[in-house]
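Just so you know, all these numbers are worked out from the coordinates, no wet-lab data involved. Quantities reported herein were computed from a predicted structural model and do not represent experimental measurements. Cβ placement follows ideal geometry from the backbone for every residue including glycine, while neighbour counts extend to all protein chains displayed.
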Ligand code: NAD
């Protein structure tokens, strides 16, 4: 099936990056959000990120202008009804996502493929509440979308082969690399990454190392580009906690229990970079460890 027009629901951190890469690859993009502010800041951010790609000679000035012109925004979810592929990238709450699909379904073409960028919610369960579980998949981008190469493609139990093949072709046209994951909690990346981050927090909690020594150990001792605590702050500690809870509940194994120190940081509202404080304090010129 040929995909020409792509609808994106949610213009946050992920939605703007997804719109960016689709437009650069030549797709017509229609992005929606409940917040007009989110839509205008997403467009401003895409503008700046495209400029950066031109200055780094990743794209030409003409391609940049054409890509930006391919992105349209709307506050009306129903406008996405005529698109060929919808990627839902709204807030990570199942009720929010289900309400979006329910409102969108009556307006969709029968052929439209529905996908979700969820990091942790069951694709099979989201699909089962729609009229097209066979045309429903997980389309999981990594943050920041224009830079990260991987897209996890997650099949629900009912996803058909044509839908999967179409999404795989889309990933290739985006110039990214797909990894296929079955629909179990955390899929592949978060199933492996989050327990490592959680273990780093336990290492801090038990006093085995300081923030600095833990991050230095993994950067210089395992060649990771970022330390696990620095990475946790980048992802958002609330997101890390939510994913650990999904792994803990969904896999019913105590090895996934979230570290109490992670819970305490989230309770304090110290969510990492986005709130200017997490395992590091970002309010000054340089990040300073908070423990
Ligand atoms: P975000 O909070 O930055 O953005 C979410 C956006 O959704 C907001 O602009 C909000 O206004 C909008 N929204 C909320 N309800 C809506 C509705 N009913 N209709 C339309 N828009 C609505 O969140 P994010 O980090 O961009 O995450 C979005 C999705 O991507 C989540 O499912 C998350 O799990 C997933 N994800 C996030 C990351 C990450 O590192 N942040 C990585 C991979 C996947």
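Here is how the numbers come out for the structure above:
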quantity: Normalised contact order of region 5-181, rounded percent, pairs of Cα under 8 Å and 6 or more residues apart; calculated: 21 percent
quantity: For the chain, Kirkwood radius (reciprocal of mean inverse C-alpha pair distance, Å); calculated: 20.0 Å
quantity: Residues 279, 187, sorted so that the one with the fewest Cβ neighbours within 10 Å comes first; calculated: 187, 279
quantity: In degrees, nearest ten, helix 189-205 long axis to first principal axis of the chain (Cα); calculated: 20 degrees
quantity: FRET efficiency for residue 274 and residue 82, using Cβ-Cβ distance with R0 set to 30 Å, rounded to 0.05; calculated: 0.30
quantity: Cα long-axis angle, helix 13-24 against the chain (0 to 90 degrees, to the nearest 10); calculated: 50 degrees
quantity: Angstrom value of the Kirkwood radius, inverse mean 1/r, which spans all Cα pairs in region 99-235; calculated: 16.8 Å
quantity: Segment residue 182-residue 51, extension gain: residue separation times 0.36 nm, minus the distance between their alpha carbons; calculated: 43.5 nm
quantity: DSSP beta bridges in the chain [antiparallel fraction, %, rounded to 5]; calculated: 25 percent
quantity: FRET efficiency for residue 210 and residue 75, using Cβ-Cβ distance with R0 set to 51 Å, rounded to 0.05; calculated: 0.60
quantity: Degrees between helix 36-55 axis and first principal axis of the chain (Cα, 0 to 90, nearest 10); calculated: 80 degrees
quantity: Least to most buried among 119, 41 (fewest other Cβ within 10 Å first); calculated: 41, 119
quantity: Stretch gain in nm, segment residue 254-residue 169, where the contour uses 0.36 nm per residue and the Cα spacing is subtracted; calculated: 26.7 nm
quantity: Pairwise label distance in nanometres, residue 37 with residue 189, each label 7 Å out on the Cα-Cβ vector; calculated: 2.8 nm
